[in-house]
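One structure below.
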Amino acid sequence: MTHTSSSSDSIRAIVTGHTRGLGAALAAQLLQQEIAVLGLSRGRDASLAARFPQHFRDTALDLADTAAVATWLAGGALREFVAGAGCVLLFNNAGAVEPIGPLATQDASAVARAVSLNVAAPLMFASALAALDTDAERRIVHISSGAARNAYAGWSVYCATKAALDHHARAVTLDANGRLRIGSVAPGVVDTDMQATIRSASEERFPQRERFEQLKQNNQLTSPEAAARKLVAYVLSDGFGTQPVTDVRELPAS
Ligand SMILES: NC(=O)c1ccc[n+]([C@@H]2O[C@H](COP(=O)([O-])OP(=O)(O)OC[C@H]3O[C@@H](n4cnc5c(N)ncnc54)[C@H](OP(=O)(O)O)[C@@H]3O)[C@@H](O)[C@H]2O)c1
């Protein structure tokens with residue numbers, strides 16, 4: 001059910017990291033609600049294109065390449081996609097947990113790529129969407145993490161980048177934003193390739209590895225579909241944006 005003032009055919013959604021995991025589930029569920037989706041990842045999704053030819057399009061873009069992101073945003077693709085929309089959703093979902101390990105093990109270029117992907121790109125997309133000359137309502141969702149709020153050994157880059165998204169949302173909320181809302185939302189522990197990457201890290205680099213191994217073995221990971229369902233319902237609800245920082249595990253059932 002939609003609580004924005006727009007009907008689903010006038011809502012459009014930009015989903016970064018739509019080719020796998022949580023982003024793929026978000027894109028599929030938005031499309032099932034007849035919300036047009038523009039996906040942005042390094043890869044493309046032929047199956048979504050085949051299933052939803054009318055409402056889905058995607059573009060290959062390396063979001064860790066800040067110059068490429070700036071060039072893409074300066075082109076007209078975003079403006080063209082949102083033209084005529086009553087409401088535009090931006091899911092800043094693409095992200096990476098690597099580099100995993102203590103400071104001295106972190107390769108400088110890997111640090112730069114993680115910060116570019118996890119922080120620079122979401123902030124660049126957010127400001128580009130806000131700057132568009134449109135009357136459309138806008139809702140920006142940063143996909144955050146429990147790691148933004150609790151520190152984990154071995155995850156200093158990931159924790160710092162996700163905390164940056166939380167604090168960005170808090171500060172943006174203080175601006176005069178007109179019909180723009182923002183929220184930084186932790187999605188829970190979701191059974192995706194990112195969790196496989198976490199489990200493949202050595203105990204030395206990530207001392208809590210065993211805990212994540214246990215969560216998987218005990219079927220305690222949320223499916224991408226269940227996490228996406230909660231996220232989409234929340235983002236379309238009246239309550240979205242009233243709190244800048246939330247966790248889907250703490251939202252009232254919709
Ligand atoms: N899984 C969890 O338990 C969990 C928990 C808390 C928060 N999160 C957050 O949820 C979000 C989604 O995570 P996930 O678990 O679904 O991850 P995932 O399975 O690893 O998928 C990551 C997605 O991001 C895209 N991506 C990665 N690097 C990219 C790049 N350089 N440029 C463009 N796209 C890129 C990937 O597509 P391509 O490879 O095609 O580029 C893929 O579609 C992330 O922000 C993550 O931090 C996840």
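If you go through segment 112-140 and keep only what is in a helix (DSSP H, G or I), more than 14 Å from the chain's Cα centre (by Cα) and within 17 Å of A176 (Cβ to Cβ), you end up with S127, L129, A130, A131. Check whether at least one residue in segment 142-152 is loosely packed, with under 14 Cβ neighbours inside 10 Å, over 13 Å from V97 (Cα atoms), modelled with pLDDT of 95 or more and within 12 Å of the ligand (Cβ to nearest atom), and report yes or no. Yes - at least one qualifying residue is present in segment 142-152. Take S47 and decide whether it is assigned to a helix (DSSP H, G or I), without any contact (Cβ under 8 Å) to a residue 12 or more places away in the chain, closer than 26 Å to S145 by Cβ and out of contact with any helix residue (DSSP H, G or I) (no Cβ under 7 Å at 6 or more places or on another chain). No.
Evaluate the following for A130: is it hydrophobic (A, V, I, L, M, F, W, C), open to solvent by 10 Å² or more (accessible area, probe 1.4 Å) and in contact (Cβ under 8 Å) with a residue 40 or more places away in the chain? Judged against the criteria, A130 is a match. I want to confirm something. Restricting to segment 160-190 and keeping residues that are outside any helix (DSSP H, G or I) and of a type in the set (S, T, N, Q), which single residue is surrounded by the most Cβ atoms within 10 Å (Cβ to Cβ)? Ranking the qualifying residues of segment 160-190, first place goes to S184. When segment 202-254 is examined, which residues are found to be basic (K, R) and either open to solvent by less than 90 Å² (accessible area, probe 1.4 Å) or closer than 30 Å to V88 by Cβ (or both)? Answer for segment 202-254, where residues must be basic (K, R) and either open to solvent by less than 90 Å² (accessible area, probe 1.4 Å) or closer than 30 Å to V88 by Cβ (or both): R209, K216, R229, K230, R249.
Evaluated against (1) surrounded by 20 or more Cβ atoms within 10 Å (Cβ to Cβ); (2) over 25 Å from E250 (Cβ atoms); (3) in contact with a strand residue (DSSP E or B) (Cβ under 8 Å, 6 or more places away or on another chain), V157 falls short on exactly one condition, (3). With respect to the stated conditions, A201 is assigned to a loop (DSSP other than H, G, I, E, B) and farther than 30 Å from A176 by Cβ.
The values are calculated or read from the model by the stated rules, or taken from the named source; none is laboratory data. Just so you know, these numbers come straight off a predicted model, no measurement behind them. Glycine also receives a Cβ, built like all others from the backbone with ideal geometry; neighbour counts cover every protein chain displayed. Ligands, DNA and RNA are excluded from the accessible area calculation, which covers all protein heavy atoms including side chains. Shrake-Rupley method; radii C 1.70, N 1.55, O 1.52, S 1.80 Å.
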